[in-house]
Amino acid sequence: MGQSAAASHRVRNLLIGLCVLLVLYALAGFLLLPWWLEKELPGQLKDKMGWQAQVSDIRFNPFLFSLEADKFSARGDDDRPVAAFEHLRVNLDVLHLAKGVVGFDEIRLIKPDVRLDLLENYSINFVRDWQQANPEIEVDAPETDKEASEPPKLYFGHLAIENGRLLFRDFTQDDTVELEVEPLDLAVDDLATWSRSEEDSRYSIQAAIGDQTLEWEGELSLNPLYSEGRVRFSDVNYRTLSKYLEPYLLWQLQNGRVTVESDYWLSNERGFQLQTSNGEVELKELAFALAEDIDEPALTLKALSVDGIGFDLAGQEAQVGMVRIEQPVVSAARRADGSIDWQASLKSVETRSAAETPQ
């Protein structure tokens, strides 16, 4: 009888101890960890990146291993916004953690707002901020360390960005180029950083700059790098094209929209290989002037389309299908010296190119 009572007493004590541990674990997860993160996060970002950051609310569920954060924002030393988001949700995958893999069932980022600057030295603002805040850390590691190190094993069940905004600024040109991508949506499923034979992740990306859109979907493997899918850029207008193509264009682009789409396949398993097929290019309402100060276009096209485009980088082969041109109009004028304005524009282009060529 005494032994039975002692055993019952031990079981009761054990249950009480487990309940106490469970309560302490819950308190630490629900209350202590979010409080600590809200307190430490701004200071860490200030020390590591030089940013002034704040977050309104952080929540953690220790039983579901899920972390949520609301209304995060960060500003750089110039007091300009660098990054922000409306809501973040991260769910850890416990089963993968047991296998030595950092796994996530879900990472969902809602309404992120990021400013990405390409600086004059072709670095980006995030790297610059980190280097300025950590001048004592060497950036370049020895080559032997780079070769010996392997990427950590990471797994993402579902990675999503919803209704994001990206402000891209390019300072590498004479005139700063700004592109605002909004909305930006991304979804990636079943992504791993190690080789899994035939298992590849699925991805889809949708982005817009006004009426200009990007649609990109297919399969992806990171190790080894492999991807196959289809990409489409729709209604890219002449202003966007001019920002990057102006140094290479013979004449002044005044109007036009272009849509480009293609299937693709790339791999680096046996050296970098890239193949495209079933490519299509469509240009609409194209207009060129012979010089920037001329309002009247010298060449207009209602539409130009090319299909059956493809190339093989390794094989150095390219193919083009049918080319269709609708309503081309060419205007030319004879000048007082007898020359044609088109000839004069070509001479000015040749003169400009010779002047820009380094001696």
Restricting region 253-281 to residues that are among the charged types (D, E, K, R) and either farther than 21 Å from E326 by Cα or over 25 Å from the mean Cα position of the chain (by Cα) (or both), the one least open to solvent (accessible area, probe 1.4 Å) turns out to be D263
Does W194 satisfy the condition of being open to solvent by 30 Å² or more (accessible area, probe 1.4 Å), within 26 Å of H158 (Cα to Cα) and in contact with a Pro (Cβ under 8 Å, 6 or more places away or on another chain)?
yes
Return a yes/no flag: does region 197-208 have any residue that is at pLDDT below 90, outside any loop (DSSP other than H, G, I, E, B) and open to solvent by 50 Å² or more (accessible area, probe 1.4 Å).
yes
Only residues in region 114-136 that are touching a residue at least 60 places away in the same chain (Cβ under 8 Å) count as the first member; pair them with residues that are outside any loop (DSSP other than H, G, I, E, B) and surrounded by 12 or more Cβ atoms within 10 Å (Cβ to Cβ), Cβ under 6 angstrom, at least 6 apart or cross-chain, and list the lot.
D129/M49; W130/M49; A133/K48; A133/M49
By residue number, the members of region 25-41 that are under 30 Å from P81 (Cβ atoms) and open to solvent by 40 Å² or more (accessible area, probe 1.4 Å) are L33, W35, W36, L37, E38, K39, E40, L41
Pairs, please: C-beta under 8 Å, at least 6 apart or cross-chain, first residue under 23 Å from G310 (Cβ atoms) and in region 247-276, second part of a loop (DSSP other than H, G, I, E, B) and open to solvent by less than 50 Å² (accessible area, probe 1.4 Å)?
S267/P224; N268/P224; E269/P224
Candidate set from region 44-60 (those that are open to solvent by less than 30 Å² (accessible area, probe 1.4 Å) and of a type in the set (G, A, S)); member that is nearest to Q131 (Cα to Cα):
G50
Just wondering, is there one or more residues in region 216-232 that are touching a Lys or Arg at 6+ places or on another chain (Cβ under 8 Å), surrounded by fewer than 17 Cβ atoms within 10 Å (Cβ to Cβ) and of a type in the set (S, T, N, Q)?
no
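Restricting attention to region 61-82, report how many residues are in a strand (DSSP E or B) and open to solvent by 20 Å² or more (accessible area, probe 1.4 Å). Explain how you work it out, then say what you get.
Of all residues in region 61-82, those in a strand (DSSP E or B) come to 61, 66-75, 81-82.
Filter once more, so that each one left must be open to solvent by 20 Å² or more (accessible area, probe 1.4 Å): 61, 67-68, 70-73, 75, 81.
Within region 61-82, residues that are in a strand (DSSP E or B) and open to solvent by 20 Å² or more (accessible area, probe 1.4 Å) number 9.
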I need a count of the residues in region 158-179 that are in a strand (DSSP E or B), at pLDDT 90 or above and not basic (K, R).
11
Out of region 108-120, which residues are among the aliphatic types (A, V, I, L, M), more than 28 Å from T172 (Cα to Cα) and surrounded by fewer than 18 Cβ atoms within 10 Å (Cβ to Cβ)?
I110
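The values are calculated or read from the model by the stated rules, or taken from the named source; none is laboratory data. Predicted model, so just to flag it, every value in this text is computed and none were measured. Positions of Cβ are backbone-derived with ideal geometry, glycine not excepted, and every protein chain shown enters the neighbour counts. Note: areas computed on protein heavy atoms with side chains; ligands, DNA, RNA excluded. Shrake-Rupley method; radii C 1.70, N 1.55, O 1.52, S 1.80 Å.
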